[in-house]
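Written out below as C-alpha cells is the structure these notes cover.
Computed from the coordinates by the stated procedures, all read-outs in this text should not be read as laboratory data. What you see is a predicted model, and the numbers here were worked out from it, not measured in a lab. Virtual Cβ from ideal backbone geometry, glycine too; neighbours counted across all protein chains shown.
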Amino acid sequence: MPSSVIRLYSYDQAAHRLRVRFVSGAVYDYDDVPPEVVEALAAASSKGQFFGACIRDRYPYRRVFSGA
C-alpha cells in the first residue's frame with residue numbers, strides 16, 4: 001500500500017542501514033536497524049505509522065539529502 005509519508009525505502013543488510021526517501025524528497029539514513037524491524041516495516045499496513053512508532057527517534061540517523 002502506498003504511504004502518504006514515505007515514498008520509498010531500501011535496506012543495506014550488511015550495514016544494517018535503512019535509507020528512507022520521504023514524500024517531501026528528503027532522504028535519511030537510519031543506522032543499526034535490525035532486519036526484523038525492516039521486515040515488519042514491509043509488512044505494515046501503514047508504513048508511516050510503523051515508521052513513526054518503531055523507527056523514528058529510535059535509531060541513529062542523518063540527513064543525506066534535504067529534498068529542497
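Things to note:
- 3J(HN,Hα) from dihedral phi, the stretch 20-32, Karplus parametrisation 6.51/-1.76/1.60, rounded to Hz, x for glycine, proline: 10, 9, 8, 4, 5, x, 5, 10, 10, 9, 10, 9, 6
- When Ile6, Ile55 are arranged by Cβ crowding within 10 Å, least crowded first, meaning fewest neighbours, the order is Ile6, Ile55.
- Dimensions (Å) - the chain, Cα atoms, principal axes, largest first: 31, 25, 18
- Residues Ser10, Ser45, sorted so that the one with the fewest Cβ neighbours within 10 Å comes first: Ser45, Ser10
- Size of charge dipole - the chain - debye, nearest 20, with Cβ of Lys, Arg +1 and Asp, Glu -1, no other charges: 300 debye
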